[in-house]
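Readers should treat all values here as calculations from the given coordinates under stated rules, not as data from a laboratory. Keep in mind it's a predicted model, so treat the numbers as computed, not measured. Note: ideal-geometry Cβ built from the backbone for every residue, glycine included; neighbour counts use all protein chains shown.
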Amino acid sequence: MSDLGLELAEEKTYVVDTHGGSFDYLGFTFKGYGDHGRYFVSPSDASLAKFKSDLKAMTKKTRSRSFEQWAARLNPVIRGKFNYFLAANRAAKAVWEECRRRGMSFHGRAKRTYQQLDAYVRQRLRVNFANRGRRHAKLRDAKMLTVKYGNAFFLKDMGLVSGQYMADLLRDPALTKDEFLSSHKRRRKWRSDQRTSALR
């Protein structure tokens, strides 16, 4: 580092036991589990809070725009943020492929937080849509629009960027939007069946 003219910031530098400790770096949280070199990488809490705060400020319910205008305004922000978050997924995929080529095992994984973030974006927009023609729409008003403005509407009709779809495209670049929606519909049904079985 000295050859590069770089210095460690003493107030930000510390030793972490990666068997159970965690640390934040460049907007990501790295956390180890157990004694087998297992670890997870995910956007840090601060990064997620900043993303939600920015989206909340952009989607105030008093702002009225067409669906096309909303997509044009939000897509660059959403795409940019998800592209950054997906750096962890791309790195994990590259390391996994290299380990497989060398006959080695790889225990790292990038946690998938994109489904929750997509849901937050849709929720913010539904609150905005519910406020049209009325005053002070609430979250319960937005929930009543879930059927009318479902996941398929935002992805296909409105053309809104989906972080979960972007993440799935890393595994299968040929994945269509219809295939993506069908796959996640099956997953939701499977999870619902599992919860029902557990209650019996």
Loop sites in region 73-106: trypsin sites (Lys or Arg not before Pro), DSSP, at most 10 other Cβ within 10 Å: 102
Under the √(5λ) rule applied to the eigenvalues of the Cα gyration tensor, what semi-axes describe the equivalent ellipsoid of region 52-100? Give them in Å, descending. 34, 11, 6
Could you calculate the contour length gain from residue 153 to residue 50, that is, 0.36 nm times the residue separation minus the distance between their Cα atoms, to one decimal place in nm? 34.5 nm
Could you give the nm distance between label points at residue 33 and residue 186, where each point is 7 Å from its Cα heading toward the beta carbon? 2.5
Cα-based convex hull, region 5-97, per residue volume (Å³, whole number): 175
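What full-extension length gain, to one decimal in nm, is calculated for residue 171 and residue 98 as 0.36 nm per residue of separation minus the Cα-Cα distance? Mind dumping the intermediate values first?
Details: separation 73, 0.36 × 73 = 26.28 nm, distance 1.55 nm.
So the extension gain works out to 24.7 nm.
Working out 0.36 nm times the residue gap between residue 115 and residue 23, then minus their Cα-Cα distance, what length gain in nm do you get to one decimal? Working shown, then result.
Working: separation 92, 0.36 × 92 = 33.12 nm, distance 2.34 nm.
Full extension from residue 115 to residue 23 adds 30.8 nm.
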